[in-house]
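The values are calculated or read from the model by the stated rules, or taken from the named source; none is laboratory data. Everything quoted here is computed from the prediction, not taken from an experiment. Every residue, glycine as well, gets a Cβ built from its backbone with ideal geometry; the counts of neighbours run over all protein chains shown.
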Amino acid sequence: MKRRDIVVIGGSRGAFGVLKALAATLPPDLRAAVCIVLHIGRHESVLPQLMSGWGPLPAIHPVDGEPLANGVIYIAPPDRHMLVLPEGLRMSNGAAENFARPAVDPLFRTAALSFGDGVVAVVLSGDLDDGAAGLAAVRARGGYCIVQSPEDCEAPSMPRTALQAAGADAVVGKEHLADQIVAAIEGAPRLQPSELLEMSSQDLDFEARIAGRHVVSPEELDRIGARSPLSCPECGGMLWRINDHQQLRYRCHTGHAFGYLSLEDGQEQTLENAIWAAIRAANERIVFAHERRMWAERVGDQQQVAIEQAHIDETTRVIETLKGTLSQTDET
């Protein structure tokens, strides 16, 4: 049996309590390094101090270039992707993926590229689909994949999408998570991934190599995807639809990347912002029409007063229509 000594874990909403239970149940002599991404954005995090107090293993925010050591928990610091490289950990301010930095996909993807079948990857509770593409990369490179059972999750979207994109070698509830991780480290056998996943391993490797760069040439993205009429909700650039047989996902040339759920969420937010911008513009038109009507009243121009009141009434109806559109968007 092949031992594995790199454990990468990703989660979002609902994962905090799982990490607390995991820290308490991992053994003090764990023969692997543990790297964790929790979606915290730019917010200050005390998770290393908390995890250090919850269990026997020390937890830290690593610095750039931090070497990996068995029995240590490394937690991605705020606003930085944590990348696993052969020479150690790298903290990156690269483009957000799935609207997150730190994001799970860069952690999983770089671990898969650097350590292949020596990796154990774990997807925990969370919203949308960060971690799905990264789990597929781990699986394609021969790593062992664990997914928290969606029925056990506060937010089941991340685990469900990961299972759709990559499958898993084990699907477990949080109470069995530590035991399953230890078993994977000690060489638990993998399940055979699908042929489609194996076929995409070269594209996944190439994507991992270019994803860490701030700007990628269109020709490079043409190697792993097809140009799409969709635009990036983060920067407005063109999106490429990635040649992934398991998951519909996209990437732009500045480094932003999206699973289909994250892209849909971004488009909904862009649409809502556009409607609110239209409401603001319409409201300003009403304010201006009020000022013109007041001026017309002062000079005794009743015809202009009527015209401006018509503008006010018409634009008020437009705003009501736009607000109704917002309500319909919220319902869907």
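Only one of 82, 91 is part of a strand (DSSP E or B), aliphatic (A, V, I, L, M) and free of Cβ contacts under 8 Å to residues at least 40 places away in the same chain. Can you tell me which?
Matching residue, one of 82, 91: 91.
Restricting attention to the range 35-51, the residues that are without any contact (Cβ under 8 Å) to a residue 12 or more places away in the chain and either touching a strand residue (DSSP E or B) at 6+ places or on another chain (Cβ under 8 Å) or outside the structural domain of residue 82 (by TED's automatic domain parsing) (or both) total 1. Could you tell me which residue of the range 44-65 is farthest from the chain's Cα centre (by Cα), considering only residues that are part of a loop (DSSP other than H, G, I, E, B) and within 10 Å of residue 23 (Cβ to Cβ)? Filtering the range 44-65 for residues that are part of a loop (DSSP other than H, G, I, E, B) and within 10 Å of residue 23 (Cβ to Cβ), the one farthest from the chain's Cα centre (by Cα) comes out as 56. Among the residues of the range 184-204, the ones that are surrounded by 17 or more Cβ atoms within 10 Å (Cβ to Cβ) and either at pLDDT below 85 or part of a helix (DSSP H, G or I) (or both) come to 8 in all. Selection of the range 109-140 for residues being in a helix (DSSP H, G or I), surrounded by fewer than 24 Cβ atoms within 10 Å (Cβ to Cβ) and charged (D, E, K, R) yields only 117. Those strands (runs of 3 or more DSSP E) of the range 216-332 in which 1 or more residues are more than 30 Å from residue 105 (Cβ to Cβ) are absent.
Given 118, 131, 143, which one is under 12 Å from residue 11 (Cβ atoms), of a type outside the set (Phe, Trp, Tyr) and modelled with pLDDT of 95 or more?
Working: 118 fails: under 12 Å from residue 11 (Cβ atoms); 143 fails: under 12 Å from residue 11 (Cβ atoms).
It is 131.
If you check 226, 211 for being on the phi < 0 side of the Ramachandran plot, in contact with a helix residue (DSSP H, G or I) (Cβ under 7 Å, 6 or more places away or on another chain) and among the hydrophobic types (A, V, I, L, M, F, W, C), only one passes: 211.
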